[in-house]
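*Asks:* This is the structure I have questions about; it appears just below.
Any read-out appearing in this document is the output of simple, stated calculations on the displayed coordinates, not a laboratory observation. Because the structure is a prediction, the values reported are computed rather than measured. In this analysis, Cβ positions are derived from the backbone assuming ideal geometry, glycine residues included, and neighbour counts consider all displayed protein chains.
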Amino acid sequence: MSTWTLAYEGFDPREERLRETLCALGNGYFATRGAAPETAADDVHYPGTYVAGCYNRLVSQVGGREVENEDLVNVPNWLPLSFRPEDGDWLDLRATEVLDYRQELDLRRGVLTGSCAPATRGDG
């Protein structure tokens, strides 16, 4: 493995949001979190796409003072991809035994790859 590569082995729901953040890819104008394409926003995953300059400005009361915050806006996710075996359930890694899971970010080329091997009915 190259020193230019971040690689993660195994599926751990507690670590997914951190992985998605560390594996985000962008070009200075547009960035996408490193969430797997089969995931939807839930308590484990937070897929998102962000555009430079696209903020939501809100004023909140904090300690009796007005504080103005600018937060990045999560624009629509352009990556959704879900799949299932014929006559089977849609892939949900939390609801199946995962035999192998790997996510790898090549920082030199700016390429994020992932692989997943869920157990099939014949695996156990």
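*Asks:* Please work out if residue 67 is of a type in the set (Val, Ile, Thr) and without any contact (Cβ under 8 Å) to a residue 40 or more places away in the chain.
*Replies:* Yes: the conditions hold for residue 67.
*Asks:* Right, residue 118: free of Cβ contacts under 8 Å to residues at least 60 places away in the same chain and more than 30 Å from residue 3 (Cα to Cα) or not? Give the steps one after another, and end with the answer.
*Replies:* Details: free of Cβ contacts under 8 Å to residues at least 60 places away in the same chain: yes; more than 30 Å from residue 3 (Cα to Cα): no.
No, not satisfied.
*Asks:* While we're here: Can you tell me which residue within region 1-20, out of those that are of a type in the set (Asp, Glu) and surrounded by fewer than 18 Cβ atoms within 10 Å (Cβ to Cβ), is nearest to the chain's Cα centre (by Cα)?
*Replies:* Taking the candidates together, the pick is 15.
*Asks:* Next question. How do the pairs read when you match residues in region 77-102 that are free of Cβ contacts under 8 Å to residues at least 60 places away in the same chain with residues anywhere that are among the aliphatic types (A, V, I, L, M) and part of a loop (DSSP other than H, G, I, E, B), using Cβ under 7 Å and keeping only pairs 6 or more apart or on different chains?
*Replies:* 82/91; 83/91; 84/91; 96/119; 97/119; 99/119
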